[in-house]
Amino acid sequence: MLSKLPSGMALVRIDLGITQQQLADTLGISRAALSMAERGTRRYPQRGLAYLDGLREIAMRIPQAAAPPRRQRPSVASKRPLYNRIHFSSRNNKADKVHIATVRALEPVLSAGEIRAAGERLRDRLYNEGKRAATSQDGQRELLATLEQKTAITKCRLEVLELEKVAALGRATDIKANLTLITARLKAFRQIYKAYPDMRKRYRRKIAVLYVKKLRCQEQLEKFNKPAIQKRKLQIEALQLELENQLGLAEHIKKRMDGCGGGVVAE
């Protein structure tokens, strides 16, 4: 399988838009070690294979952004539009008003830009269908499609956070093991340095290098302390709450569509 080869994993990483430095920071290895692993001169970390495979599976489930339909130029001989532009409402047809851009009930879930984009897609779609007046069902259907797409993206973001959480735990374990090994070697070298004065010149540089490595490991381990873990938990809880709000609003819109078919705004 191509993804299990070193060159294949490099292609997967590039396709996901992840740089070598970002992946190296996530896995807790140096960028040089990752580069050698992608070239095949060093064994690729198993944690990196699982992380990239998980990200690729999530990326394949992300829905593509709904592009607004391209406006079709009407033929004068076969299709003559009634108006020069689409009207969401008119004075003579107040029942068909669709207030997509000013729906307060949607603002906590959908941003103003997303609501505006849904209105533009609806306008262009109705333009291609003969410039007919928009109904409340049209607005609800377009908003529901936008909401379903955002819900799918939120689920993928939540899965990515869970995946990064698992990768962070594995990285923290490796850092702790490396820190324990460095501390033990540093203690042994210091004992040799004190016991054998004639070997101090040789071990002085080794002690300095190990001390710098120990400081770097301690600095990396700070990313996995209690505040950092609590921050990640809060991010996951915020996404879960956002997902619940999106699912609740989608269910509300579906009930309104199945019921009387009234406006989008919830009283």
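Each value in this text was obtained by applying a stated rule to the coordinates, not by laboratory testing. What you see is a predicted model; the values in this text were computed from it and never measured. Quick reminder, even Gly has a Cβ in these numbers, built from the backbone with ideal geometry, and neighbours come from all protein chains shown.
Normalised by residue count, segment 1-61 yields a Cα convex hull volume of 71 Å³ per residue. Farthest towards the positive end of the charge dipole of segment 122-213, among the residues Val209, Leu122, Leu161, is the Cα of Val209, using unit charges on the Cβ of Lys, Arg, Asp and Glu. You can think of it this way: the chain between Asp53 and Leu234 has 62.6 nm of extra reach, that is 0.36 nm per residue less the Cα-Cα gap. Annotation for Tyr211 and Leu247: the two label points, set 7 Å from Cα along the Cα-Cβ direction, are 5.5 nm apart. Cross-link pairs exceeding 19 Å between alpha carbons, from the set Lys165/Lys223; Lys176/Lys206; Lys150/Lys223; Lys176/Lys233: Lys176/Lys206; Lys150/Lys223; Lys176/Lys233.
FRET efficiency for the pair Arg200 and Ala32, taken as 1/(1 + (r/R0)^6) with r the Cβ-Cβ distance and R0 = 22 Å, rounds to 0.10. Karplus-derived 3J(HN,Hα) values for segment 147-158, using 6.51 cos²θ - 1.76 cosθ + 1.60 with θ = phi - 60°, are 5, 5, 5, 5, 5, 5, 5, 5, 4, 5, 4, 5 Hz; glycine and proline are entered as x.
Kirkwood-type hydrodynamic radius, segment 124-267: 20.7 Å, calculated from all non-identical alpha-carbon pairs.
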